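First up is the structure itself, then whatever we jot down about it.
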Amino acid sequence: MNRIFLFTVIFAMGALLYSCAQNQENSRENFAGSIPSGNLETSNDDYLERALHTARINSITQTDSGHVFSLKVETPDPCWEVHRYEISKKDGEIYVTVIGRRDKEKACIQTIGSTITEVPLLFDGPGDYTCRFWCHRSETLDTTVTVQ
């Protein structure tokens, strides 16, 4: 039983790292201060917060007010929920970090979880925009959106 659990955890981590490696690695200088590094978790008396790994961009939907990105994000365990998004814009690039939150006192199974979230983005007018979703360390999942 322990070997199966260990294999499952190693496989899941390998799949996550492989998906991130397939995308262009971006330097920390592009968005100084916005790429999580070091200790990802913050906490207060009741909650833990941390950046969640973007595993996949499921879809992009154009709306009257912008675009909505449907993302699959990985969580440290199933008790984590999406709490907010941190968005930075610079020179036609938009950097998004999905922030999760977990109740410290909640008992939870120790297995990697995932959830789907929708991130609305507004663009500053016509043009090509590179959208970068934080994945792991200094790596992002990237896509380009053309706004006409």
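Readers should treat all values here as calculations from the given coordinates under stated rules, not as data from a laboratory. This one's a predicted model, so the numbers in the text were calculated from it and none came from an experiment. For neighbour counting, all protein chains shown are included, and Cβ atoms are generated from backbone atoms with ideal geometry for every residue, glycine included.
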Restricting the range 54-148 to trypsin sites (Lys or Arg not before Pro) in coil, as DSSP defines it, with at most 16 other Cβ within 10 Å:
Lys104, Lys106, Arg137
Neighbour-count ranking [beta-carbon atoms within 10 angstrom, fewest first] of Val119, Val82, Val73
Val82, Val119, Val73
Length added when fully stretched, Arg56-Ile109, from 0.36 nm per residue minus Cα-Cα
16.7 nm
